[in-house]
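These notes concern the structure reproduced below.
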Amino acid sequence: MNLSDALGDWPSGGNNQSGGANPTWPGQPSSNPTWPGGQPSSNPTWPGGQPSSNPTWPGGQPSSNPTWPGGQPSGGVWPGGNPSQPTWPSQPSGPGGWPSPSPGPGPGPGGWPSPSPGPGPGPGPAIPTAPQQSLVVPYKQDLPNGVFDKLLITIVGTIKPNADKITVDLSTSSDLAFHFNPRFNESGRKVIVRNSCIGKKWGKEERDLSNFPFVQGQPFELKLLCTNTEFKVAVNNSHLLEYKHRITNLQSIQRLNIYYDLTLSKVHVETLP
């Protein structure tokens, strides 16, 4: 074999006889090496002829800001075409772009999102709901400043199904200033007895009342409002009766007691404005 036969095995233009400056791969221009297929040699890009300014995902989305596949706006959102603020997928948007809070108790305005499956920023710490209280009966609470005008005591509970009576007492260290005693079966009648016990002697009972608002097995809310002259009593947001003070030194009335056939969930003492 002579030299001309050996050189004849090289592809056309691939040797120094054609004047090429640098040896190249078969079939490619000799300027700068590029990927096969004849793409432009300025900036390497993904196959498929996308613009070469900013690399983007395949499929021809705009090159301004990389986005999820599917042609959403370029503000950077979760899949599903939501507005440009990042939100939880498929939920309505509340104030500030967070989803509106689910119904029920929860945080105030601002709306922590309800936990949802899937990727994304997690919700903030859950605000716990206060558990229902269960107070021991007999219940006793001190009133260090006594009672006074605009003092309001709220008692919330449930009458037991087979209740015979319940009692709420306001007392001094030695005397009973206000005895409030609903009775469910006094000789077949329902009656609310009110009285005071001063110097170990009971006074005259007050019994007259057309309404008996307590129901066995049902919840109730009892409010006792002290004024300068009397106690006012309301049950389930309805005024029930008044009881004139028989102990006028109101500051000495420093104890609240609750007895007998009820379950107790809340006792709240406050001063009205």
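Check whether at least one residue in region 167-178 is buried (at least 19 other Cβ atoms within 10 Å of the Cβ), small (G, A, S), within 20 Å of C226 (Cβ to Cβ) and touching a His at 6+ places or on another chain (Cβ under 7 Å), and report yes or no.
no
Is it the case that V191 is free of Cβ contacts under 8 Å to residues at least 60 places away in the same chain and part of a strand (DSSP E or B)?
yes
Identify, by number, the condition in (1) touching a strand residue (DSSP E or B) at 6+ places or on another chain (Cβ under 9 Å); (2) exposed (fewer than 13 other Cβ atoms within 10 Å of the Cβ); (3) over 17 Å from V215 (Cα atoms) that R189 doesn't meet.
Of (1) touching a strand residue (DSSP E or B) at 6+ places or on another chain (Cβ under 9 Å); (2) exposed (fewer than 13 other Cβ atoms within 10 Å of the Cβ); (3) over 17 Å from V215 (Cα atoms), only one is false for R189: (3).
Of the residues that make up region 213-230, is at least one surrounded by fewer than 16 Cβ atoms within 10 Å (Cβ to Cβ), aromatic (F, W, Y), over 21 Å from G146 (Cβ atoms) and at pLDDT 95 or above?
Taking every residue of region 213-230 in turn, none turns out to be surrounded by fewer than 16 Cβ atoms within 10 Å (Cβ to Cβ), aromatic (F, W, Y), over 21 Å from G146 (Cβ atoms) and at pLDDT 95 or above.
Name the residues in region 242-268 that are touching an Asp or Glu at 6+ places or on another chain (Cβ under 9 Å) and closer than 16 Å to R183 by Cα, would you?
Hits for region 242-268 are I258, Y259, Y260, D261.
Is it the case that I198 is closer than 30 Å to N249 by Cβ and either buried (at least 17 other Cβ atoms within 10 Å of the Cβ) or in contact (Cβ under 8 Å) with a residue 60 or more places away in the chain (or both)?
Judged against the criteria, I198 is not a match.
Any residue at all in region 171-188 that's within 24 Å of S265 (Cα to Cα), outside any loop (DSSP other than H, G, I, E, B) and among the basic types (K, R)?
Let us first name the residues in region 171-188 that are within 24 Å of S265 (Cα to Cα), namely 171, 178-184.
This time we only want the ones that are outside any loop (DSSP other than H, G, I, E, B), so: 171, 178-184.
So of that shortlist, the ones also among the basic types (K, R) come out as 183.
Yes: region 171-188 contains one or more residues that are within 24 Å of S265 (Cα to Cα), outside any loop (DSSP other than H, G, I, E, B) and among the basic types (K, R).
Could you run through region 154-195 and say how many residues are small (G, A, S) and closer than 29 Å to S252 by Cβ? Walk me through how you get there before you give the answer.
Pass one, region 154-195, residues small (G, A, S): 157, 163, 171, 173-174, 177, 187-188.
Subset that is closer than 29 Å to S252 by Cβ: 157, 171, 173-174, 177.
Count: 5.
Sort through D175, D208 and tell me the only one that's over 18 Å from N162 (Cβ atoms) and free of Cβ contacts under 8 Å to residues at least 12 places away in the same chain. Walk me through it before giving the result.
Working: D175 fails: free of Cβ contacts under 8 Å to residues at least 12 places away in the same chain.
Only one candidate passes the filter, namely D208.
The values are calculated or read from the model by the stated rules, or taken from the named source; none is laboratory data. The structure displayed is predicted, hence computed values, not measured ones. Quick reminder, even Gly has a Cβ in these numbers, built from the backbone with ideal geometry, and neighbours come from all protein chains shown.
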